[in-house]
Amino acid sequence: MAARKYDYIIIYSILFASILSIAVLVRLLVISELQMDEFSGLVAFVIVCLLLGAAYLSFQSIIDVWLLPVIERTVRKKYPQIECEPEVEPIGPMPNGEISVPNYDEYKQTAQQKIQQEQAEVLENVLTYTVQELALYLTESELQQLCEHIRFFQYATENEYKQIKIPIAVDATLKSIDLMHFGWNIGNQFKKTGIETATFVKRVFAERLKESEISTIKRKLRAEGTCIIKIKEKL
């Protein structure tokens, strides 16, 4: 579409330049050869521009309305094997009044597969981050259990977090602020709300955060302070 637009600009620029050139020559002729004043030259310039523009429009109309149909009919008669491009029929209503959408199931399945793939990639990134960030502060079994909780966290709702029955014990080196930062980092990747993330963190690290209310955890998810685990917008 852009190429055709530029083609039209070039064509009309050449046309207007030609008309203006002819009109300028006529104006000079009127002033120099016919010994008329500047105003007469200007009138001649305007009249020539109008006449040439009208002539071009008339010629184009004759070609579009009369000449092209005659050429098309002649070509079809002489070369009947040449077929015109078939017209694309618009989507019409079904007999029962419903709209027919071609390949609906195929497009829907493709969209669902794309979403599932994106979610799988997000989960993989979160699990990789978890292992790298907490390997020094959790035993192998605790780390594996935490990864299972995170897989559950990705799709679970706030009310379903009660199903988390096995809390994770962490090294004393990590403070409450570290666990809150960790929770925000992974919750942000899953597009979780603050209350959802706070509830999850409270259930998973129940022993370490037993003195903290969910509302307090939510408020301090991104709190500043001395910490080991930093806030990360992207993992």
**OP:** Please determine, by comparing only the residues of the range 9-28 that are surrounded by 14 or more Cβ atoms within 10 Å (Cβ to Cβ) and more than 14 Å from Leu51 (Cβ to Cβ), which one is modelled with the highest pLDDT.
**Re:** Val24
Original post:
How many residues are of a type in the set (Asp, Glu) and assigned to a helix (DSSP H, G or I) when one looks only at the range 184-214?
Top reply: 1
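Listed here are the residues, each with its yes/no results for (1) under 14 Å from Thr130 (Cα atoms); (2) aliphatic (A, V, I, L, M).
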site: Phe153; (1), (2): yes, no
site: Lys192; (1), (2): no, no
site: Ile195; (1), (2): no, yes
site: Arg203; (1), (2): no, no
site: Arg208; (1), (2): no, no
site: Lys232; (1), (2): yes, no
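The values are calculated or read from the model by the stated rules, or taken from the named source; none is laboratory data. Since we're looking at a predicted model, the values are computed, not measured. Using ideal geometry, Cβ is built from the backbone for each residue, glycine included, and neighbour counts are taken over all protein chains shown.
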